[in-house]
Amino acid sequence: MNRRIITIDGPAGAGKTTVSKELAKELGCVYVDTGALYRAVAFEIKRRQINWKDSALLEQFLACIELDFVMEGREPVLTSSGRDISAYIRTNEISMLASATSAVPQVRKALLDIQRSIAGERDAVFEGRDMGTAVFPNASYKFFLSADVNVRARRRFEESNASGISYEKILEDMVKRDRDDTQRAASPLKPAPDAILIDATELDVSQVVEKMKRIIMTT
């Protein structure tokens with residue numbers, strides 16, 4: 001049975017996460033947060049006290065990890081071996097460990113397999129930077145969501161204004177991240193050749209979701 005797989009790629013601050021969650025709710029799909037999967041791996045490494053720098057031990061660990069996203073009502077819940085771990089993966093310690101382990105090829109391959117396994121079982125919305133190019137080149141629908149970098153920086157500033165970080169610093173970091181993402185050797189950020197480009201510079205979340213829904217429902 002063919003599953004409906006929707007990918008939403010794009011640069012930082014374009015609104016991918018919010019749009020992906022809302023689109024998944026509207027379509028009755030599961031929303032898959034790839035970043036959360038990397039955090040889940042880090043959480044389990046810490047919880048099980050795995051020496052992830054030992055290639056053989058890491059391989060054994062990754063062979064038996066069971067991660068999934070399930071919908072509770074209209075909200076996605078991240079599980080490990082059936083247990084909800086959503087509340088445990090957002091600490092700074094887990095973030096740092098996820099950043100370190102995400103560069104390990106074995107981890108990236110294991111999560112690629114998990115993502116494709118999820119896609120084989122149910123309709124899903126995947127968001128990221130290479131979902132439509134590297135992970136799901138045959139996705140049912142591919143979107144590339146972008147916006148002017150000044151608008152993206154302004155939105156990010158307004159979301160995090162309690163952090164004390166200036167708009168200028170956020171803009172500077174975002175320009176650098178755009179450059180790094182588009183110029184990296186492995187799976188650089190770029191639209192898939194058959195992706196539908198959506199410029200959200202002058203659109204809010206509901207307008208973007210409605211535009212995507214209309215495309216999906218009429219093609």
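Residues that are open to solvent by less than 20 Å² (accessible area, probe 1.4 Å) and either farther than 30 Å from residue 59 by Cβ or free of Cβ contacts under 8 Å to residues at least 24 places away in the same chain (or both) within segment 107-160 comprise 125, 142, 143, 145, 147, 152, 153, listed in sequence order.
Of the residues examined, residue 42 is one that is modelled with pLDDT of 85 or more, assigned to a helix (DSSP H, G or I), touching a Leu at 6+ places or on another chain (Cβ under 6 Å) and over 22 Å from residue 24 (Cα atoms). Restricting attention to segment 113-156, the residues being touching a helix residue (DSSP H, G or I) at 6+ places or on another chain (Cβ under 8 Å) and in a strand (DSSP E or B) number 10. Scanning segment 46-62 for residues that are open to solvent by 70 Å² or more (accessible area, probe 1.4 Å) and either closer than 19 Å to residue 21 by Cα or in contact (Cβ under 8 Å) with a residue 40 or more places away in the chain (or both) yields a count of 2.
I need a count of the residues in segment 201-219 that are under 13 Å from residue 143 (Cβ atoms) and either in contact with a Gly (Cβ under 6 Å, 6 or more places away or on another chain) or modelled with pLDDT under 95 (or both). Final tally of qualifying residues: 1.
If the condition is being under 17 Å from residue 15 (Cβ atoms), in a helix (DSSP H, G or I) and open to solvent by 50 Å² or more (accessible area, probe 1.4 Å), then segment 174-212 contributes 177, 205, 206, 207, 210, 211.
The values are calculated or read from the model by the stated rules, or taken from the named source; none is laboratory data. Just so it is clear, the structure is predicted and the values come from calculations on it, not from any experiment. We place every Cβ from the backbone using ideal geometry, glycine too, and count neighbours over all the protein chains shown. Quick note on the areas: whole protein, heavy atoms, side chains included, nothing else; ligands and nucleic acids left out. Shrake-Rupley method; radii C 1.70, N 1.55, O 1.52, S 1.80 Å.
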